[in-house]
Each structure stands twice: as structure tokens, then as C-alpha cells.
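The values are calculated or read from the model by the stated rules, or taken from the named source; none is laboratory data. Everything quoted here is computed from the prediction, not taken from an experiment. Note that we place each Cβ from the backbone using ideal geometry, even for glycine, and neighbour counts take in every protein chain shown. Areas reflect the complete protein model, heavy atoms only, side chains present, ligands, DNA and RNA absent. Shrake-Rupley method; radii C 1.70, N 1.55, O 1.52, S 1.80 Å.
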Amino acid sequence: RKIQAGADFILTQPIFSPDTAIHFKKSYQNKYGPVPIPILMGVLPLFNARHASFLHHEVPGIDIPEEPRVRMEKAGEKGSAEGVSIAMELISAMRPHIQGVYFMPAFGHYELVSEIIERSSGI
């Protein structure tokens, strides 16, 4: 409906499961054909295990698979570094399916976004 109403681009919710996002896009394409406007993926770098758990259990529409939540738990005090690594992996996995990304830094942690951008030059 939004495309028919004249949307110029699509902003996704934060993506934590590339398989789910790719399946959704393929379902759209099977029914309507190629997506005619750019898709920009929402990237929300996880800060720590508590942040991941809160998003997963308390925020409607956000589903963080068990594997990244376990990784964040194991990272302990280095959770933000693991969150950056997870974000990088998600961007890399989704790159063939999107036209860009936008960031949603949690708690004003813009330094995590800066690190992702600096490390993304090779993606």
C-alpha cells in the first residue's frame, strides 16, 4: 500500500535475522515482482546482554534470535564490541538485498555507529 501511495523508499525495523528479512522480501517479489524502491535496513547496535534481552522481550516487533543474544551474554563487559561485530555481520549478510542502511544508536552511543562506519568501508 505504501508503495502504491507514492513512498520513495523503505525503512525497515532493526534487522537481527537476515533469513527472516530475505524471506519477507522474496515473498513480496513472488507476489508483486521486484521491489521498485530502495530498501534501507535499520541497524541497531546492541550495547550489552541486558539491552538485547530487553529489546527481544519487551519491544513489540523486535525479535532477536537466540544466537546473537547468547553471543552478547558471553561477551560480558565487551558487549558493545560484540554488538558492533553482530551489526557488521548483519550488514554484510543483507548487503545484496538492500540499497543502504540507517542507524539507531541506543542510549546515545554514537561511538558504536562511528566504529561500524569506519569498519564498513570494505563491505
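For the range 25-34, indicate whether the set of residues that are within 22 Å of S114 (Cβ to Cβ) and either outside any loop (DSSP other than H, G, I, E, B) or in contact with a strand residue (DSSP E or B) (Cβ under 9 Å, 6 or more places away or on another chain) (or both) is non-empty. No, that holds for no residue. Picking from residues in the range 83-108 that are farther than 25 Å from H23 by Cβ and out of contact with any Phe, Trp or Tyr (no Cβ under 6 Å at 6 or more places or on another chain), the one that is most open to solvent (accessible area, probe 1.4 Å) is F107. Quick check on the range 56-65. Is at least one of its residues surrounded by 13 or more Cβ atoms within 10 Å (Cβ to Cβ) and either more than 16 Å from the chain's Cα centre (by Cα) or aromatic (F, W, Y) (or both)? Checking the range 56-65: not a single residue is surrounded by 13 or more Cβ atoms within 10 Å (Cβ to Cβ) and either more than 16 Å from the chain's Cα centre (by Cα) or aromatic (F, W, Y) (or both).
All of I10, I37, I22 fail the test of being open to solvent by 20 Å² or more (accessible area, probe 1.4 Å), among the aliphatic types (A, V, I, L, M), closer than 22 Å to S92 by Cα and more than 16 Å from the chain's Cα centre (by Cα), apart from I37. Filtered by the rule that a residue be in contact (Cβ under 8 Å) with a residue 40 or more places away in the chain and of a type in the set (S, T, Y), the range 16-44 gives S17, T20. Taking (1) open to solvent by 20 Å² or more (accessible area, probe 1.4 Å); (2) without any contact (Cβ under 8 Å) to a residue 60 or more places away in the chain; (3) over 29 Å from Q4 (Cβ atoms) in turn, F47 satisfies each apart from (2). If you scan the range 70-82, which residues turn out to be open to solvent by 70 Å² or more (accessible area, probe 1.4 Å) and closer than 27 Å to I39 by Cα? Scanning the range 70-82 gives no hits.
I123 fulfils the conditions (1) at pLDDT below 95; (2) of a type outside the set (F, W, Y); (3) surrounded by 15 or more Cβ atoms within 10 Å (Cβ to Cβ) except for a single criterion, (3).
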